[in-house]
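What follows draws every value from the coordinates through simple rules; no lab data is involved. Bear in mind the structure is a predicted one, so any value in this text is a computation, not a measurement.
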Amino acid sequence: MPRRATPLDPDDGPQARFALALRRLRDRAGFDAKTIAVIGAENHIPKSTLYAAMRGNTLANNIADQSNIALVNTAKVAEDALVTA
């Protein structure tokens, strides 16, 4: 059984809001969505980094810029796919 998601408050800052947005996209995508492992592999981001972003944790400094760009791009692609579906 998967772990429950860490409760987040949007008032905790931009990382929490971003994590909540990622969770909403994942939930809207449903069972047909790509897995975190696949998204990470396609964007050259460790899946642990993606999971950390979904928990609202701070990203490591040495990959934060690349990860943030890829996460935003991934979120945008996922949102576009949901809109066209």
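Compute the length gained on full extension between Thr6 and Arg28: take 0.36 nm times their separation in residues and subtract their Cα-Cα distance, giving the result in nm to one decimal. Mind dumping the intermediate values first?
Working: separation 22, 0.36 × 22 = 7.92 nm, distance 1.83 nm.
Full extension from Thr6 to Arg28 adds 6.1 nm.
When the Karplus curve 6.51 cos²θ - 1.76 cosθ + 1.60 is applied with θ = phi - 60°, which whole-Hz ³J(HN,Hα) does each residue of the stretch 32-38 get, with x for Gly and Pro?
7, 6, 5, 6, 4, 4, 5
For the stretch 5-61, just say rounded, prolate or oblate: build the C-alpha gyration tensor, square-root its eigenvalues into a ≥ b ≥ c, call rounded for a/c under 1.5, and beyond that prolate if a/b exceeds b/c, oblate if not.
Taking the square roots of the gyration eigenvalues as a ≥ b ≥ c, the stretch 5-61 is oblate.
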